[in-house]
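Nothing in this text is a laboratory measurement; each read-out follows from the coordinates by a stated rule. All values derive from a computational prediction rather than experimental measurement.
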Amino acid sequence: MEVINCKKCNRLFQYIGGRMICPVCHEEEEQEFKLLKEYLYEHPKATMVEVSQATGVSVTAIRHYLREGRLIITNDSPIGIECEKCGIEIKTGRFCERCAYELEMGMRMATNELLEKNKNPYANTTKSKMHYLRRTKDDYK
């Protein structure tokens, strides 16, 4: 474990893993998130600005919760964020379905290419055979 400063309040705390915020700020975020969820449950048609003004949760924090996938809103809600790749409006996460699929397929192809390449690195060379030095009995004298 290491001791670091909290990214929000600059307090020293023992960092174990995850986000680099202290337990006090983490608890405050959890309360903020709970308030946000309750408000959205009661007012599903509210815009992001209305939600921010009513709850005191910043628009940046709301976007962060949506990007993380912690906050999922209904399809008929006016709240939305942009796909990081193509810019289309999405409700949660970082990428729309099409871009997520394209990224997944690209990663699979790259992984398969690496696996094939590393499977037998000498497959196409003539040096892939093992050579032995032939010795005769006279060589040992």
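Table for the structure above
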| item | result |
| --- | --- |
| Zero-based 10 Å bins, Cα pair distances in the range 26-116, whole percents | 16, 41, 23, 13, 7, 1 |
| Alpha-carbon centroid distance for the pair the range 87-116 / the range 1-39, whole angstrom | 31 |
